[in-house]
Amino acid sequence: MAEEHKHEESIMEKIAEKIHGHDNSSSSDSDDEKKASSIKTKIYRLFGREKPVHKVFGGGKPADIFLWRNKKVSGGVLGAATLSWILFELLQYNLLTLFGHISILALAVLFLWSSATTFIHKKPPHIPEVHIPEEVVLQLASGLRIEINRGFTLLRHIALGRDLKKFLMVIAGLWVLSKVGSSCNFLTLVYSATVLLFTVPVLYEKYEDKVDDFGEKAMKEIKKQYAVLDEKVLSKVISKIPKGAFKKKD
């Protein structure tokens, strides 16, 4: 009986050890998961981005076009923009003249083709109905509205004298924009922006880890240089400004 009792105690001890080991392993797994999640949250993303690049562009079809999810559509849009720039900028073609000539040619060909089919007893050409999808237009308009409102909010915040750093950054950006505008006309500027829109986001999405790593190092260096500038120049300038100048307004 004593031996049976000892045997039962040893079995119970083994079961307890297994349960205790399982608890330790499960707790260690949960700790590892927490550590991994904390490491993931600490990853630096350019401009403080928290969403994927596709979501940043609003998702849906516009984002698919900019990020080349549909290569035929994206290539067609970029090709049309390139052709327009060549015609209007390099060849100095007028928009109304081009539209009139293309319309005359297309209508004349279709009219003659449709008229000829009645004499040769064949079906007239199939002319598809062309319309712009409402969903795509609304998505583009919604995304544009959000960015414009965000820009107006930033400009108002700066105009109230609440952020000297952003004020200097916006002034520098507007100065660069004025220099770019003086060196090229509006059509070239729009085409350049279109090319950048169709190349930079897709390249960034492909190499985002490397770009974010470089951006993190660049931002650290910029903050270091700004701290030096703030200590030597900006702090002295602000000290000379009356105290009520940067007071928040209702």
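The values are calculated or read from the model by the stated rules, or taken from the named source; none is laboratory data. Only a predicted model underlies this, so the values are computations on that prediction, with no experimental measurement involved. Cβ atoms come from the backbone with ideal geometry, glycine included; neighbour counts cover every protein chain shown. Heavy atoms of the whole protein, side chains included, go into the accessibility calculation; ligands, DNA and RNA do not. Shrake-Rupley method; radii C 1.70, N 1.55, O 1.52, S 1.80 Å.
Considering only region 60-108, state which residues are of a type in the set (Ser, Thr, Tyr) and touching a residue at least 24 places away in the same chain (Cβ under 8 Å). Give the steps one after another, and end with the answer.
Residues of region 60-108 that are of a type in the set (Ser, Thr, Tyr), as a first pass: 74, 82, 84, 93, 97, 103.
Result: 74, 82, 84.
What are the residues in region 87-106 that are open to solvent by less than 60 Å² (accessible area, probe 1.4 Å) and among the aliphatic types (A, V, I, L, M), if any?
87, 98, 106
In the set 137, 109, which member is in a helix (DSSP H, G or I) and at pLDDT below 85? Steps first, answer last, please.
Numbers: 109 fails: at pLDDT below 85.
Result: 137 is the single residue among 137, 109 that is in a helix (DSSP H, G or I) and at pLDDT below 85.
Taking residue 162 and the conditions (1) assigned to a helix (DSSP H, G or I); (2) surrounded by 12 or more Cβ atoms within 10 Å (Cβ to Cβ), which numbered condition does it fall short on, given that it satisfies the others?
It fails just one condition, (1).
Residue 135 - would you say it is open to solvent by 60 Å² or more (accessible area, probe 1.4 Å) and in contact (Cβ under 8 Å) with a residue 24 or more places away in the chain? It would help to see each step written out before you state the result.
Working: open to solvent by 60 Å² or more (accessible area, probe 1.4 Å): yes; in contact (Cβ under 8 Å) with a residue 24 or more places away in the chain: yes.
When the stated conditions are applied, residue 135 passes them.
Residues are listed down the side, and each one gets a yes or a no for (1) in a helix (DSSP H, G or I); (2) charged (D, E, K, R); (3) within 20 Å of residue 55 (Cβ to Cβ); (4) in contact with a strand residue (DSSP E or B) (Cβ under 9 Å, 6 or more places away or on another chain):
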site: 195; (1), (2), (3), (4): yes, no, no, no
site: 202; (1), (2), (3), (4): yes, no, yes, no
site: 210; (1), (2), (3), (4): yes, yes, no, no
site: 219; (1), (2), (3), (4): yes, no, no, no
site: 225; (1), (2), (3), (4): yes, no, no, no
site: 231; (1), (2), (3), (4): yes, yes, no, no
